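Accompanying notes for the structure given below.
The values are calculated or read from the model by the stated rules, or taken from the named source; none is laboratory data. Note that the coordinates shown come from a computational prediction; the quantities given were computed from them, not determined experimentally. Cβ placement follows ideal geometry from the backbone for every residue including glycine, while neighbour counts extend to all protein chains displayed.
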Amino acid sequence: MHRICIVPRVDGLAGVASFRLKFEDGLRLRGVEITHNPSQEADALLVLAGTKNLIPLWRASRRGMHIVQRLDGINWVHRARWAGLRYTIRAIYGNANLSFIRGRFSHHVIYQSQFIKRWWEDWYGPARVPSSVILNGVDLSRYTPDGLHERPSQHYRLLVVEGSLAGGLDSGLHQSITLANILSHKFRIELFIVGRVDSRTQNKLKHQNAFRIKFMNTVPREHIPWLMRSSHLLFSAEVNPPCPNSVIEALACGLPVIGFDTGSLSEIVQGDSGRLVPYGANEWKLEKPDVPTLANAAVEALEEQPRFRSAARKRAESVFGLDKMVDEYLKVLLE
């Protein structure tokens, strides 16, 4: 029986934590044991981005354990705008930690998208070890168009799902507000925001009459499929997203995705599974994007829901199955 060590043991509702839980479910179905202790013997060690516990990683490397690093994007928002001292320090430290592990300990690097691979190689140079690109996956039996939902019939629901839309990461929040405001001139619109938004910003944005807005903060993972089935469009609000799980989950639920053509989105949203439009400015400086053009794209997806919803599910089935992702990871881990 094979055993895989996964570090760090990240908990939470989104991002790396979401990947860990899905990946571990896939491993268990294949009879693979899981440990989070790098001092235990294992066939391979998977580093989820980075870890502050470098000494156990060094010891595992000295023992000859096969170390694979799964890399996310690079922290960059602090370069474009002031995001607070705490965020800036964590971003700089995080980049240094990721780069150090990539350069000193990794035997193989897995990038979550071609965009991330190009980004890392542009900023830090090509890795000294082999690398692969493996897109994220989703359980297509759990995230599905089939099942209970409460999708409104008298108005359209626009959904935003992000880990954080607070502080220096709030640009996507303001874009979604502008988008909903433009769409409200043509339709009745309801905007659901799932993600951390500070209370001051919530109170400020609630007092408007053009459309209804609901802040949901964090939502239990098991409720996400229902919420996506109960919406008409997902707006991918992150600028330069590495490989957003929320977008893949939305497609699996038959929810069309709209967004600006930045980051990895063009690798995920293709055909009539949604619509991407040019940012219309310098996204790396977080300049104001071309939201009116995005709104025009959203109108098409809203007015032709059956075609877009069917294409979204087909796109997920063709590329983003969890089994496919787990098998590709195992090929690298057990090579």
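A quick yes/no check of all residues on (1) of a type in the set (Gly, Ala, Ser); (2) on the phi < 0 side of the Ramachandran plot; (3) part of a loop (DSSP other than H, G, I, E, B); (4) at pLDDT 95 or above:
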| site | (1), (2), (3), (4) |
| --- | --- |
| 216 | no, yes, no, no |
| 231 | yes, yes, yes, yes |
| 247 | no, yes, no, yes |
| 263 | yes, no, yes, yes |
| 302 | no, yes, no, yes |
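Only residues that are outside any helix (DSSP H, G or I), surrounded by 15 or more Cβ atoms within 10 Å (Cβ to Cβ) and out of contact with any His (no Cβ under 8 Å at 6 or more places or on another chain) were counted across segment 14-67, and they come to 12. Contact map, segment 15-29: residues that are outside the structural domain of residue 224 (by TED's automatic domain parsing) and without any contact (Cβ under 8 Å) to a residue 12 or more places away in the chain paired with residues that are outside any helix (DSSP H, G or I) and surrounded by fewer than 20 Cβ atoms within 10 Å (Cβ to Cβ), Cβ distance under 6 Å, separation 6+ or inter-chain. Pairs shown: 17/10; 17/11. Checked against (1) farther than 24 Å from residue 117 by Cβ; (2) surrounded by 22 or more Cβ atoms within 10 Å (Cβ to Cβ); (3) touching a residue at least 60 places away in the same chain (Cβ under 8 Å); (4) within 15 Å of the chain's Cα centre (by Cα), residue 231 meets all criteria but (4).
Inspect all residues belonging to segment 94-102 and state whether any of them is in a helix (DSSP H, G or I), more than 26 Å from residue 142 (Cα to Cα) and over 23 Å from the mean Cα position of the chain (by Cα). Yes, there is a match, as at least one residue in segment 94-102 is in a helix (DSSP H, G or I), more than 26 Å from residue 142 (Cα to Cα) and over 23 Å from the mean Cα position of the chain (by Cα). Step by step: first the residues of segment 68-92, then only those that are among the polar types (S, T, N, Q) and without any contact (Cβ under 8 Å) to a residue 24 or more places away in the chain, then the one that is surrounded by the most Cβ atoms within 10 Å (Cβ to Cβ). Which residue is that? Looking at the filtered set, the residue picked out is 75.
Within segment 300-318, the set of residues being over 18 Å from residue 154 (Cβ atoms) and touching a Pro at 6+ places or on another chain (Cβ under 8 Å) comprises 301, 308, 309, 311, 312, 313. Scanning segment 268-294 for residues that are outside any loop (DSSP other than H, G, I, E, B), under 22 Å from the mean Cα position of the chain (by Cα) and of a type outside the set (D, E, K, R) turns up 268, 271, 273, 274, 276, 277, 284, 291, 294.
Filtering segment 303-335 to residues that are more than 19 Å from residue 265 (Cα to Cα), crowded, with 17+ Cβ neighbours inside 10 Å and in contact with a Lys or Arg (Cβ under 9 Å, 6 or more places away or on another chain) leaves 326, 329, 330.
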